[in-house]
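Step one of this worksheet: look at the structure below.
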Amino acid sequence: MTLKDFYAEWNNGSDKILVHTSGSTGKPKPMMVEKSKMEVSATITCDFLNLKQGDTALLCMPLDYIAGKMVVVRSIVRGLRLISVKPSGHPLRGLTEPPVFAAMIPMQVFNSMQVPEEKEMLMQIKHLIIGGGAIDTAMERELRDFPNSVWSTYGMTETLSHIALRQLNGSKASCWYTPFEGVDVSVNDNGCLIIDAPRISDIRIVTNDIAEIAPDGRRFRIMGRKDNVIDSGGIKIQIEEVETLLSKYLTVPYVITKKSDYKFGEIVAMLVESDDVEGIKRICEDNLPKYWQPKLYISVKKIPRTQTGKPARKQAAEIAERMI
């Protein structure tokens, strides 16, 4: 979808607009959402970040998904000056001045930090929000000293982008997400996050994200997804926890997945963009608890990812299942 297409759909007289889920756990699904609720969500974010009319906003994500659409909606409701670039891994390349506001996925931030002039511009963005995937510990450490506000977002298509932020840099850096005013969170018996956000959703949203609520009863942190649990010989292993621990030791792209197994029920499997499988195995054996160590290592040319840069979990599991 082009920006022209989006404006045409936004101004077509209908009170709803078509969006698609990200497809991280399967095929992207179409959804019709209310434009008025998108405007409310956009206003909440603009107010929180104190964005003002005339501020520049970078559009660097596909307009088929909620994240890209919401950047445009924020520019509409607040009168921001939109800077539209083709979605790519290096969204700051070619820009002559930093935008006031930018929303990026972790891959775009990582790539930008590898090029000195792009990193310098990244540091000058006044309000940088990062969403659409996990931010590993190495990236958090590098962002910690950025001079302007950097935020990790929590949200999904159903919540019309994010409903909570956590600061990644400065003295207020935290592992806890703080919901916006008017948003309440809790967990169900399975430990999954429940979201009550009546201003943007008419229904209570029960997620598949396993969460912990802070002692204050308001903030929360995400431990992983319910469907990303490996049950291996009766031991439950959270895929995201394994990936987070490994991120301290591996620089090559990888993803943890699972494979069905006659003896254990399921085993930990690992897809990695490297031919040095033995070297990767040694790193895992030296740094992971015994029961977290992969029993199957698969060298791939490219880790499967969705269009928004997230690991394509279902595809990764299908690759592992095909291995003998």
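Within segment 70-102, track down each residue that is assigned to a loop (DSSP other than H, G, I, E, B), of a type in the set (S, T, N, Q) and closer than 14 Å to Glu39 by Cα. Can you show your working first?
Initial filter on segment 70-102 (assigned to a loop (DSSP other than H, G, I, E, B)): 79-80, 85-100.
Subsequent filtering for residues that are of a type in the set (S, T, N, Q) retains 88, 96.
Of everything in segment 70-102, nothing turns out to be assigned to a loop (DSSP other than H, G, I, E, B), of a type in the set (S, T, N, Q) and closer than 14 Å to Glu39 by Cα.
Return only the number of the condition from (1) charged (D, E, K, R); (2) in contact with a Phe, Trp or Tyr (Cβ under 8 Å, 6 or more places away or on another chain); (3) within 20 Å of Ala138 (Cα to Cα) that Arg219 does not satisfy.
(3)
So, Thr45, is that one buried (at least 22 other Cβ atoms within 10 Å of the Cβ), of a type in the set (Val, Ile, Thr) and within 24 Å of Gln167 (Cα to Cα) or not? Full working, then the answer.
Numbers: buried (at least 22 other Cβ atoms within 10 Å of the Cβ): yes; of a type in the set (Val, Ile, Thr): yes; within 24 Å of Gln167 (Cα to Cα): yes.
When the stated conditions are applied, Thr45 passes them.
So Lys226 fits all but one of (1) under 17 Å from the mean Cα position of the chain (by Cα); (2) of a type in the set (D, E, K, R); (3) buried (at least 16 other Cβ atoms within 10 Å of the Cβ); what number is the exception?
Against the list (1) under 17 Å from the mean Cα position of the chain (by Cα); (2) of a type in the set (D, E, K, R); (3) buried (at least 16 other Cβ atoms within 10 Å of the Cβ), Lys226 comes up short only on (3).
Among the residues of segment 7-41, which ones are among the small types (Gly, Ala, Ser) and in contact with a Ser or Thr (Cβ under 8 Å, 6 or more places away or on another chain)? Spell out the reasoning first.
The first filter runs over segment 7-41 and keeps only residues among the small types (Gly, Ala, Ser), leaving 8, 13-14, 22-24, 26, 36, 41.
Passing the criteria: Ser22, Gly23, Ser24, Ser41.
Looking at (1) touching a Lys or Arg at 6+ places or on another chain (Cβ under 6 Å); (2) modelled with pLDDT of 95 or more; (3) part of a strand (DSSP E or B), which is the only condition Asn208 fails?
If we test Asn208 against (1) touching a Lys or Arg at 6+ places or on another chain (Cβ under 6 Å); (2) modelled with pLDDT of 95 or more; (3) part of a strand (DSSP E or B), just (2) comes out false.
Can you tell me how many residues within segment 183-205 are part of a loop (DSSP other than H, G, I, E, B) and surrounded by fewer than 19 Cβ atoms within 10 Å (Cβ to Cβ)?
Total meeting the criteria: 9.
Under 6 Å by Cβ, and 6 or more places apart or on different chains, what pairs join a residue from segment 44-66 that is in the same structural domain as Met104 (by TED's automatic domain parsing) with one that is outside any loop (DSSP other than H, G, I, E, B) and polar (S, T, N, Q)?
Taking only residues 6 or more apart or on different chains, the pairs are Ala57/Ser75; Leu59/Ser84; Ile66/Thr157; Ile66/Ser161.
Restricted to segment 77-103, and to residues that are of a type in the set (Val, Ile, Thr) and touching a strand residue (DSSP E or B) at 6+ places or on another chain (Cβ under 9 Å), which residue is surrounded by the most Cβ atoms within 10 Å (Cβ to Cβ)?
To start, the set of residues in segment 77-103 that are of a type in the set (Val, Ile, Thr) comprises 77, 83, 85, 96, 100.
So of that shortlist, the ones also touching a strand residue (DSSP E or B) at 6+ places or on another chain (Cβ under 9 Å) come out as 83, 85, 100.
On the way: Ile83: 19, Val85: 16, Val100: 21.
Filtering segment 77-103 for residues that are of a type in the set (Val, Ile, Thr) and touching a strand residue (DSSP E or B) at 6+ places or on another chain (Cβ under 9 Å), the one surrounded by the most Cβ atoms within 10 Å (Cβ to Cβ) comes out as Val100.
Assess whether Met270 counts as being exposed (fewer than 15 other Cβ atoms within 10 Å of the Cβ) and in contact with a strand residue (DSSP E or B) (Cβ under 9 Å, 6 or more places away or on another chain).
On the way: exposed (fewer than 15 other Cβ atoms within 10 Å of the Cβ): no; in contact with a strand residue (DSSP E or B) (Cβ under 9 Å, 6 or more places away or on another chain): yes.
Criteria not met by Met270.
Which count do you get for residues in segment 273-290 that are exposed (fewer than 13 other Cβ atoms within 10 Å of the Cβ) and closer than 17 Å to Glu240 by Cα?
2
If you go through segment 253-267 one residue at a time, how many are surrounded by 15 or more Cβ atoms within 10 Å (Cβ to Cβ) and free of Cβ contacts under 8 Å to residues at least 40 places away in the same chain?
If we filter segment 253-267 for residues that are surrounded by 15 or more Cβ atoms within 10 Å (Cβ to Cβ), which is where we start, we get 253-259, 261, 264, 266-267.
After this cut, where a residue has to be free of Cβ contacts under 8 Å to residues at least 40 places away in the same chain as well, the list is 256, 261, 264, 266-267.
Residues that pass the stated criteria total 5.
Any residue in segment 22-42 that is within 19 Å of Leu160 (Cβ to Cβ), among the polar types (S, T, N, Q), at pLDDT below 95 and in the same structural domain as Ser152 (by TED's automatic domain parsing)?
Step one: list which residues in segment 22-42 are within 19 Å of Leu160 (Cβ to Cβ), which gives 22-24, 28-42.
Those still in the list that are among the polar types (S, T, N, Q) too: 22, 24, 36, 41.
Applying the additional criterion that residues be at pLDDT below 95 yields 22, 24.
Restricting the remaining residues to those that are in the same structural domain as Ser152 (by TED's automatic domain parsing) gives 22, 24.
Checked against the condition, which is being within 19 Å of Leu160 (Cβ to Cβ), among the polar types (S, T, N, Q), at pLDDT below 95 and in the same structural domain as Ser152 (by TED's automatic domain parsing), segment 22-42 yields at least one hit.
State whether the residues of segment 195-207 include one that is under 18 Å from the mean Cα position of the chain (by Cα), small (Gly, Ala, Ser) and over 18 Å from Glu241 (Cβ atoms).
no
The values are calculated or read from the model by the stated rules, or taken from the named source; none is laboratory data. This is a predicted model, so every value here is computed, not measured. A quick note on method: Cβ atoms are made from the backbone with ideal geometry, for glycine too, and the neighbour counts reach across all protein chains shown.
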